[in-house]
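The values are calculated or read from the model by the stated rules, or taken from the named source; none is laboratory data. Given the structure is predicted, the values throughout are model-derived calculations rather than measurements. Every residue, glycine as well, gets a Cβ built from its backbone with ideal geometry; the counts of neighbours run over all protein chains shown.
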């Protein structure tokens, strides 16, 4: 039984990257799809495709070897725009390096876009 699908996906990606695989298979969900799209836009992963297995489905993710670390943030802290820098210092290794993933009224976006749109939200994950 899965408790957190996003955590399973990010763990699978991180572990596959560490051992040098070129692709990995992960569980699928809408949140996972949106986080993978964000990672793809930022150039951390390649293409990904949905595989229908009759249940909830899976994603095949092409890896580029650029991910150093990625993980979920538990609990999902509420973050205001003014507090983003505090969370960057806590979860990212350096300034302007990596991304925090937030769920906001504007959708699942990274912390830089949230600052640009001036919206807060709940912290989901980070990757760099």
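Going through the stretch 10-63 one residue at a time, which ones are closer than 18 Å to residue 107 by Cβ and exposed (fewer than 13 other Cβ atoms within 10 Å of the Cβ)?
Of everything in the stretch 10-63, those that are closer than 18 Å to residue 107 by Cβ and exposed (fewer than 13 other Cβ atoms within 10 Å of the Cβ) turn out to be 30, 41.
Go through the stretch 42-93 and tell me which strands (runs of 3 or more DSSP E), entirely inside it, have 2 or more residues that are in contact with a strand residue (DSSP E or B) (Cβ under 9 Å, 6 or more places away or on another chain), more than 27 Å from residue 115 (Cβ to Cβ) and in the same structural domain as residue 15 (by TED's automatic domain parsing).
Details: elements: 45-51, 58-63, 70-72.
Those strands (runs of 3 or more DSSP E) span 45-51, 58-63.
Find the residue count for the stretch 94-128, including only residues that are under 24 Å from residue 8 (Cβ atoms) and assigned to a helix (DSSP H, G or I). Show your work before the answer.
We begin by selecting, within the stretch 94-128, every residue under 24 Å from residue 8 (Cβ atoms); these are 98-104, 107-111, 121-128.
Keeping just the survivors that are assigned to a helix (DSSP H, G or I) gives 111.
Looking only at that region, the number is 1.
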